[in-house]
Amino acid sequence: MRKCSICDFSSQKKIYTQKFSIIGKKKAFIYDVVICLKCGFVFASNIPSQKNYEKFYKENTKYSFVDAEKEVPQAVKESNEYYYLLTETFLRNNFKRKRRDLRILDAGCGSGYLLSIFKKHGYKRLMGIDPSPSCRILAKKLYGVDVKTFLISEFKDKKKFDLIILSNVLEHIEDLRNNLLYIASFLKEKGFLFISVPDGDNFGKVMREPFLEFSLEHINYFTITSLTNLCKKFGLDKRHYESRKMETFGAYTSNSFWQKNGNKIGQKITYDKSGEEKIRKYIFYSNKKQEKIKKIISTLIQSSEELVIWGVGSLTSRLLANTNLINANIKFFVDSNKAYQGKKIIGYKILSPENLKNTKHTVLIASYVHSVGIRKTLENNLGYKGKIINLN
């Protein structure tokens, strides 16, 4: 059982159980979504240790966009261009001296796309860290930016930073307390931390993909109250907050700036009254959406048509473990991520999309974010003439 990362309390209440079928594993992966009975923080319990997650992110190439050397995914463009504009406005309002001289660290930077935007606008003292070695290689190759291969817990640098960016990072970390405390130690006193996480206050406000937020990797579900509680523990004062709908993802992000104040470490926290209510609503609407998908799957099972599933991400992992999709007449899976190709999921091979060129199998697109791009690839690049099914 995982203790609460905010108040270190052990007593918790289970409100949902999430299941996944995992690439290369016969046994399903299961975790519980729980609420802390002391502070109200909602998080995933019964999960692997921080060391297991660190090993996963070192070996995983998902965030390096290996297959996007020619074109960065639209979802990445939209979010990072927004992060830059928000940060630029904040820095302009808070620094009298030249902003371009500020020392900036992007922790968990992927292939460095956000850093490349800062570089394009004249910022010079930039550094990124990411646990995946391929991110360092791509960042230098594509953008000429300096990315070092570090976990947050391993990072070392002699000089401190004016701004540290944690965009889409904290929702992935099992040991929140130690990791946030450690990375904040590299901030100058009165320096700023930018945090962007999925917005638990608006889970389900836009319901495109059911249980999107309960993914294999998202294990912390922040409202602004719970995020404030976490930051207050380490002397971080909130200076700006806004929620933003990301059109490509079909979800909201919580975006905030925090100022380091060493005199305020260990502030009292406030019970998060809204966390459980918001999560329960999200579960209710996700179940309604998933019921519609189950009807599509039932039709496929009844027809016995030969099926290829494009996509082996969290959506597919959830559907295989929580619906009857496994009973469809599946021939194989495809995914454009080369790291997955050649592996198996529920005993079926994961192949390159090139294998669809001469097939007449029905293709089920198991992605919401990338469904339009996948359809274009099928029809325009692969010349596929068969039946295509979307889950939308």
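The values are calculated or read from the model by the stated rules, or taken from the named source; none is laboratory data. Here the structure is a predicted model, which means the values were calculated and not measured. As a convention, Cβ positions derive from the backbone with ideal geometry for all residues, glycine included, and neighbour counts pool all protein chains shown.
Test LYS264 against the criterion of being surrounded by fewer than 22 Cβ atoms within 10 Å (Cβ to Cβ) and touching a Leu at 6+ places or on another chain (Cβ under 9 Å), and give yes or no. Answer is yes for this residue. In the set (1) at negative phi; (2) touching a residue at least 60 places away in the same chain (Cβ under 8 Å); (3) assigned to a loop (DSSP other than H, G, I, E, B), the condition left unmet by LYS205 is number (2).
Here the stretch 232-259 is the region considered, the condition is being in contact (Cβ under 8 Å) with a residue 40 or more places away in the chain and not in a strand (DSSP E or B), and the residue that is nearest to the chain's Cα centre (by Cα) is PHE249. Considering (1) outside any loop (DSSP other than H, G, I, E, B); (2) over 24 Å from GLU291 (Cα atoms), the lone condition that GLN267 does not fulfil carries the number (1). Could you say whether any residue in the stretch 285-301 is aromatic (Phe, Trp, Tyr), outside any helix (DSSP H, G or I) and not assigned by TED's automatic domain parsing to the domain that holds GLU209? Checked the stretch 285-301: no residue is aromatic (Phe, Trp, Tyr), outside any helix (DSSP H, G or I) and not assigned by TED's automatic domain parsing to the domain that holds GLU209. Counting only residues that are basic (Lys, Arg) and within 20 Å of ASN322 (Cα to Cα), the stretch 340-392 holds 1 of them. When we screen LEU85, LEU114, LEU142, LEU91 for residues that are assigned to a helix (DSSP H, G or I), within 19 Å of the chain's Cα centre (by Cα) and of a type outside the set (D, E, K, R), the only hit is LEU114.
Filtering the stretch 299-334 down to residues that are closer than 19 Å to TYR384 by Cα and touching a helix residue (DSSP H, G or I) at 6+ places or on another chain (Cβ under 8 Å), which residue is surrounded by the fewest Cβ atoms within 10 Å (Cβ to Cβ)? Residue satisfying both the conditions and the ranking: PHE332.
Among the residues of the stretch 323-373, just one is without any contact (Cβ under 8 Å) to a residue 24 or more places away in the chain, assigned to a strand (DSSP E or B) and either in the same structural domain as THR248 (by TED's automatic domain parsing) or β-branched (Val, Ile, Thr) (or both), namely ILE330.
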